[in-house]
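Read through the structure below, which is laid out as structure tokens, and then see the notes.
The values are calculated or read from the model by the stated rules, or taken from the named source; none is laboratory data. Small disclaimer: the values here were computed from a predicted structure and weren't measured. For neighbour counting, all protein chains shown are included, and Cβ atoms are generated from backbone atoms with ideal geometry for every residue, glycine included. Just so you know, the surface numbers come from the protein's heavy atoms only, side chains and all, with ligands and any DNA or RNA stripped out. Shrake-Rupley method; radii C 1.70, N 1.55, O 1.52, S 1.80 Å.
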Amino acid sequence: MSAARGRAVAVIGAGLTGPLLALLLARRGFAVTLLERRADPRTAPAEGGRSINLALSARGIGPLERAGVMPQIAPLLLPMRGRMVHELSGRPALQSYGKRPEEVIYAVGRAALNRLLVSAAERAGATLCFGQRCTGLDPGSHRARCVDERSGRQFELDDETVIAADGAGSPMRASLVQAGVCEERIEPLGHDYKEMTLPADRPGAHALDPGALHIWPRGGFMLIALPNPDGTFTVTLFLRRSGERSFASLADDAALRRFFAEQFPDLAVHHEALLAGFRRNPQGQLATVHARGWHLGGRALLLGDAAHAIVPFHGQGMNAGFEDCAALDALLERGSDWAALFAQFERLRRPNTEAIAQMALENFLEMRDRVRDPAFQHRCRLAFELERRFPNRFIPRYSMVMFHPEISYLEALRRGATQAEILEQLDRAPAPGGGIDCSLAEALVCERLPELAGRDPDLRTG
Ligand SMILES: Cc1cc2nc3c(=O)[nH]c(=O)nc-3n(C[C@H](O)[C@H](O)[C@H](O)COP(=O)(O)OP(=O)(O)OC[C@H]3O[C@@H](n4cnc5c(N)ncnc54)[C@H](O)[C@@H]3O)c2cc1C
């Protein structure tokens, strides 16, 4: 704590990760300035079009606990115990996310969470500056350059150290690329998204089960819905940008109506509300940002989406950004030589954020296509059965990512690949009367999956 006292740090971006980091740094005694280009979210109307609500899971909850804000956040959370799959025909069916009652994920409103984190950062002592846009690093002085959005006044920050949590389109990342320290590769998904609101039956009364994340998987595209506390659901359509069945093909109203009537007949009574939202709301784009070289010595560091934006299908972008904050905070316990610390931070985090980037893309296929496949459902049941028998060795990959922050993303990816092979082998060689061959299962699991021992969730390399 004493090494930090009074040392100035600027955090750029008061989205989701910036305020949490500002809060953690302020608690360590740093003199933190949090700069944000938007107006203060606590007084300005929320910006539309960008995931009105999100899924928070154990990986994000740990860092929020570390920062001491979970008691205020807990009342905002709606637990979702599984995915409710809506086939074109038939009744919706729930696929549980886990097998224990605590294995749930939580829907949370982005704007409410953002306001709460900003206030908590301010209470911890961070100085908040809204309406201030960072344009990148000055190539000579390596200080951050900013512009006041109202007056147009340009200025440089005095702070020696700048941490940029300025999102997927990070101007700071662009500066590091220009300075030759960062290499980036942006991988567009090709599918865009649009948000709509499913109205409440009456105030506070949800039209669908609020204890689940709803999916309408349609092969190649999908609709999902997450509950809000006011009884509404935020509904998101993920669809190709162009081509035969795409946003481009829904440009005229008749085509749009036909599409909803054919694909989502169980929502027929809500079509008018959904269509109004579809016409009103912007079409968002999705991409994975692969960046290498997250820092310029001890001057500047990228964190959160600025360093590793991913597609949203594992519900992990924010959770991974919160993990970044906890990891940096844990490293600060060991000293505050920024250059060494930033290098170590990237060494720790990048293999993990690359792993979740891959799993997020894979989960898109799972959500939109595979959840309907009986073979996939059978494998899920088998995986839960193996978890029941070997809880210290076999944990389904989705559960490792969502419920086990002590297992790094990279380890979840690696163990998940081994587990997939084990499941395939067991499927190919069932017991004589059908079902699982227990001795083969035990041999494979014990031989190929080392026991999971306790470890520090904030400092894993994978
Ligand atoms: C449709 C969708 C659904 C999602 N669902 C989930 C989910 O369920 N679970 C999950 O964990 N994640 C989810 N995510 C991902 C999540 O939104 C991001 O990972 C998260 O917002 C990243 O936080 P961040 O603070 O790094 O960036 P952001 O939240 O983007 O914040 C960046 C901040 O920086 C500010 N800023 C930008 N440029 C400048 C500048 N030049 N100067 C000053 N300020 C600047 C912005 O105004 C913003 O406030 C979803 C994303 C999308 C698009």
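Within region 268-397, the percentage of alpha carbon pairs spaced more than 22 angstrom apart rounds to 57%.
How much FRET efficiency would the formula 1/(1 + (r/R0)^6) give for Leu88 and Arg388, where r is the Cβ-Cβ distance and R0 is 35 Å, rounded to 0.05? Computed FRET efficiency for Leu88 and Arg388: 0.60. With semi-axes defined as the square roots of five times the eigenvalues of the C-alpha gyration tensor, the equivalent ellipsoid of the chain measures 37, 29, 20 Å, largest first. When you count the other C-beta atoms within 10 angstrom of each residue and take the mean per peptide, 297-308, 377-388 line up highest first as 297-308, 377-388.
Computed on protein heavy atoms with a 1.4 Å probe, the accessible areas place Lys99, Lys194 in the order Lys99, Lys194, largest first. Once all protein chains are placed together, Ile422 keeps about 0 Å² accessible to a 1.4 angstrom probe. Protein heavy-atom accessible surface, 1.4 Å probe, per residue over the chain: 42 Å². Within region 136-252, the proportion of Cα pairs with more than 16 Å between them is 74 percent. Computed over protein heavy atoms with a 1.4 Å probe, the carbon and sulfur contribution to the accessible area of the chain reaches 51%. Considering helices alone, the calculated mean residue ellipticity of the chain at 222 nm is -11500 deg cm²/dmol, with DSSP H runs of length four and up weighted by -39500 (n - 2.57) and normalised per residue. Shown for region 188-285 is the translational diffusion coefficient from the Stokes-Einstein equation, using the Kirkwood radius over Cα pairs, a temperature of 4 °C and a viscosity of 1.567 mPa s: 94 µm²/s. 3J(HN,Hα) along region 185-200, derived from phi through the Karplus expression 6.51 cos²θ - 1.76 cosθ + 1.60 where θ = phi - 60°, amounts to 9, 9, 10, x, 7, x, 9, 9, 9, 9, 9, 9, 10, 8, x, 6 Hz, with x in place of Gly and Pro. Here region 373-448 is described by how far its Cα atoms reach on the three principal axes: 38, 29, 18 Å, from widest to narrowest. To the nearest ten degrees, helix 438-448 and the longest principal axis of the Cα atoms of the chain are 20 degrees apart.
Taking each residue as 0.36 nm, the span from Asp230 to Lys99 lengthens on full extension beyond its C-alpha to C-alpha distance by 44.3 nm.
Using a simple spin-label model with pseudo-atoms 7 Å out from Cα toward Cβ, Arg150 and Ile186 lie 3.1 nm apart. Amide H to amide H, with H built 1.01 Å from N, Ala14 comes under 5 Å of Arg37, counting only residues 5 or more places away or on other chains. Label sites at Cys129 and Arg292, each approximated as a point 7 angstrom past Cα along Cα to Cβ, lie 3.4 nm apart.
Once the mean of 1/r is taken over each pair of separate Cα atoms and inverted, region 26-133 shows a Kirkwood hydrodynamic radius of 16.3 Å.
When His404, His191 are compared by accessible area of protein heavy atoms, the largest-first order is His404, His191, using a 1.4 Å probe.
Extent along the principal axes, Cα only, for region 100-200: 54, 39, 32 Å, with the longest axis given first. With respect to the chain, whose longest principal axis is taken over its alpha-carbon atoms, helix 17-27 is tilted by about 50°. Once all protein chains are placed together, Asp337 keeps about 100 Å² accessible to a 1.4 angstrom probe.
Its alpha carbons give region 409-451 an Rg and a Dmax of 11.3, 37 Å.
Cut-off 18 Å, label point 7 angstrom out along Cα-to-Cβ of Arg448: give me the residues of region 404-419 whose amide nitrogen falls inside. Flagged as within label range: 411-419.
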